[in-house]
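Input: a single structure, listed below in structure tokens.
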Amino acid sequence: MFLERRAHFTTPRPHVPRRRRRPLWALAVVLLLVTCLGRGVEPPATVVETPGTRSYRLESGNLTRTFLLHIPPSRPRRFGLATSYPVVIVLHGSGANGATIRRMSGMDSIADRARFLVAYPDASTGTLGLGADWNAGECCGAAHDANVDDVAFMRALVRALEREMPVDRRRIYVAGFSDGARMTYHVACALGAQVAAVAVVSGSIVDAGCAPKRPVPLIAFHGTDDDEVPYRDSSYSTASGRAPAAAAGLPPSIVFWATIDHCRTARTTHFAPHVQVTKFAGCEADLLLYTIDGGTHEWPGAAPEGDDPMGEVDASRQAWRFFLGHPLP
């Protein structure tokens, strides 16, 4: 159950009709509350563990950040007893928000069946609320220019979920699309000790100093005709050592990950008519890449039309299957 805490989760306060008279002690409480708000301290909120999707906010740095949280209809169970929730954090692309990636990924329906929590955080915005994006390292946009600490936001979000909900700390996962995929790489680089595994969709590494504290399992999806984050988009990170020869021609960010994980071999097989899966072996952590021939800048499996090759693999379903096999050691 969510518990009443000191400003970890807050919801908008309901309107309270004015009364004709207030006792002096009530006025003192109001003045104290106003003073606290002026200092950036939120009043506590009581939120129950109720199935569905609701919006929350928390303080991170000097910013108030927001996110959606989806709770499945029932708790996961083991041997007939309720257990803690796994958590999947899904990051949206540039110019979007948590509600956008929630619709795009369809992760709620998977969460309801598999009984895990899904958080959809909102990136910070620039002037006049425009240009929502993540500070994923060396590049780009308003969040980078303002030096927004999105790693701290991810850390605060995980801490808040752990405090407020029965969360399985060995099963915290992050997935992202486009700029959110870049941020997902950044999270894996910076928070590898807390995040069990990650999934990146149409993204590349823009963290020049990427050095995970532990090998992080990674599953990736990328279309060869992506015109926003190209399939062979450069990785800002380089690594000493060599990736398997079979990785030649794959996205540089995947080659980097295979190198730092000391993968020995790679094998590519057909998953669907336009989808190939490259599975790396002999690695310190599992690494999978779904290459979609003719695929564009979309979340695979999200409302495909006709014979769109992006409909031949469901990224959300495959990501969750991957996550299931990769708790923190």
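A short reminder: the numbers here are calculations on the coordinates, not readings from a lab. Every value quoted in this text rests on a predicted model; they were computed, and no experiment measured them. Here the Cβ positions follow ideal geometry from the backbone for every residue, glycine too, while neighbour counts run over all protein chains shown.
Put simply, when 93-104, 225-236 are sorted by average Cβ atoms within 10 angstrom per residue, most first, you get 93-104, 225-236. Using only Cα coordinates, the Kirkwood hydrodynamic radius of the range 120-231 works out to 14.5 Å. Computed 3J(HN,Hα) for the range 76-89, one whole-Hz value per residue from the Karplus formula 6.51 cos²θ - 1.76 cosθ + 1.60 where θ = phi - 60°, is x, 10, 9, 6, x, 10, 5, 10, 7, 7, x, 10, 10, 9, glycine and proline marked x. Relative to the globular-protein estimate of 2.2 N^0.38 Å, the Cα radius of gyration of the range 70-150 stands at 1.38. Take 161-173, 264-276 and order them by the average number of nearby Cβ atoms within 10 Å per residue, most first; the result is 161-173, 264-276. The Cα-based radius of gyration of the range 96-143, divided by its Kirkwood radius, gives an Rg/Rh of 1.11.
Counting charges near Val118 (Lys, Arg +1; Asp, Glu -1) among other residues having Cβ under 10 Å from its Cβ returns a value of -1.
The share of Cα pairs per 10 Å bin across the range 200-329, counted from zero up to the longest distance, runs 13, 45, 35, 7, 0 percent. P(r) tail for the range 161-205: Cα pairs beyond 16 Å make up 39% of the total.
For the range 49-324, the Kirkwood estimate of hydrodynamic radius, built from reciprocal distances between every pair of different alpha carbons, is 18.7 Å.
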